[in-house]
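Reading through the structure tokens given below for one structure.
The values are calculated or read from the model by the stated rules, or taken from the named source; none is laboratory data. Everything numeric here is computed off the predicted structure, so don't read it as measured data. Every residue, glycine as well, gets a Cβ built from its backbone with ideal geometry; the counts of neighbours run over all protein chains shown.
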């Protein structure tokens, strides 16, 4: 491992799950170890990928009171359902000068975090890589990782921190369109929760037909919200699921399988909600969203 270079920003990572482990390993690999914080103690994190693996030494910090200083850049890789519980971490890691880069699903990242990090710059992002935690705790990175961020004054800090790592950063002038495209992809993955199946389900003709109808319905909402997305996007998203390995999962399915709360609102409910606000019919969302909500929150 290369020596740590002191002129890079001081970085912390909150949430060493599949996405967080990928970020931590990418930084550690080039000699820029981050302070890692989370709910569960680990003495190391392990990332495997085609051609090798990276072991990131711990420990994972589990006590916010043990944090002695704020950081320049905080990567947040927790679920939208976990933000309130993480408030104590945000208060000790962030100063008014900290940039908070949110590696999370949904469109409301800035509004969600602003109430907890008053004065900080909150930078939303879109994460474009399939990483999944295996039973032994290892994270399996199944494709080259990249994130997309908007072009803002805070973006340079993220570019500096991740420069020359395996995690590439794209800067989007039209971040709204990128975020909505990823949201449509995430929304479609919600159907996997309702069936308990992985990507192979999308090879069924009837599921493919339903998928296209759901995506086209959601595309109308996306365009009304300012996204510039072509008519081909639904087909492209479905093609991506159909090309994926049949055993490819998704984080919301993994959460369902272990009985964790689901990000149904940030991934699916937001489309229904924004459609209603604009008077746009969303009949498929009106079916899918209550079922996902019930799968997450019950009762029963």
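Just to be sure, is residue 102 within 15 Å of the chain's Cα centre (by Cα), farther than 30 Å from residue 65 by Cβ and not assigned by TED's automatic domain parsing to the domain that holds residue 212?
Details: within 15 Å of the chain's Cα centre (by Cα): yes; farther than 30 Å from residue 65 by Cβ: no; not assigned by TED's automatic domain parsing to the domain that holds residue 212: yes.
Considered against the rule, which asks whether it is within 15 Å of the chain's Cα centre (by Cα), farther than 30 Å from residue 65 by Cβ and not assigned by TED's automatic domain parsing to the domain that holds residue 212, residue 102 comes out as no.
Can you pull out the residues in segment 252-281 that are assigned to a loop (DSSP other than H, G, I, E, B) and over 15 Å from residue 82 (Cα atoms)? Step through it out loud before you land on a result.
Quick first cut of segment 252-281, residues assigned to a loop (DSSP other than H, G, I, E, B) only: 258-263, 278-281.
Matches in segment 252-281: 258, 278, 279, 280, 281.
Looking only at segment 206-213, decide whether some residue is in contact with a helix residue (DSSP H, G or I) (Cβ under 8 Å, 6 or more places away or on another chain) and closer than 19 Å to residue 104 by Cα. Please lay out each step first, then the result.
Initial filter on segment 206-213 (in contact with a helix residue (DSSP H, G or I) (Cβ under 8 Å, 6 or more places away or on another chain)): 207-208, 210-213.
In the following step, the residues that additionally are closer than 19 Å to residue 104 by Cα were identified as none.
No, segment 206-213 contains no residue that is in contact with a helix residue (DSSP H, G or I) (Cβ under 8 Å, 6 or more places away or on another chain) and closer than 19 Å to residue 104 by Cα.
Could we say that residue 257 is surrounded by fewer than 17 Cβ atoms within 10 Å (Cβ to Cβ) and within 20 Å of the chain's Cα centre (by Cα) here? Even if it seems obvious, please write down each step before you answer.
On the way: surrounded by fewer than 17 Cβ atoms within 10 Å (Cβ to Cβ): yes; within 20 Å of the chain's Cα centre (by Cα): yes.
Yes, satisfied.
So if I check each of 161, 121, 131, which one is modelled with pLDDT of 95 or more and surrounded by 21 or more Cβ atoms within 10 Å (Cβ to Cβ)?
Numbers: 121 fails: surrounded by 21 or more Cβ atoms within 10 Å (Cβ to Cβ); 131 fails: modelled with pLDDT of 95 or more.
Within the list 161, 121, 131, the selection yields 161.
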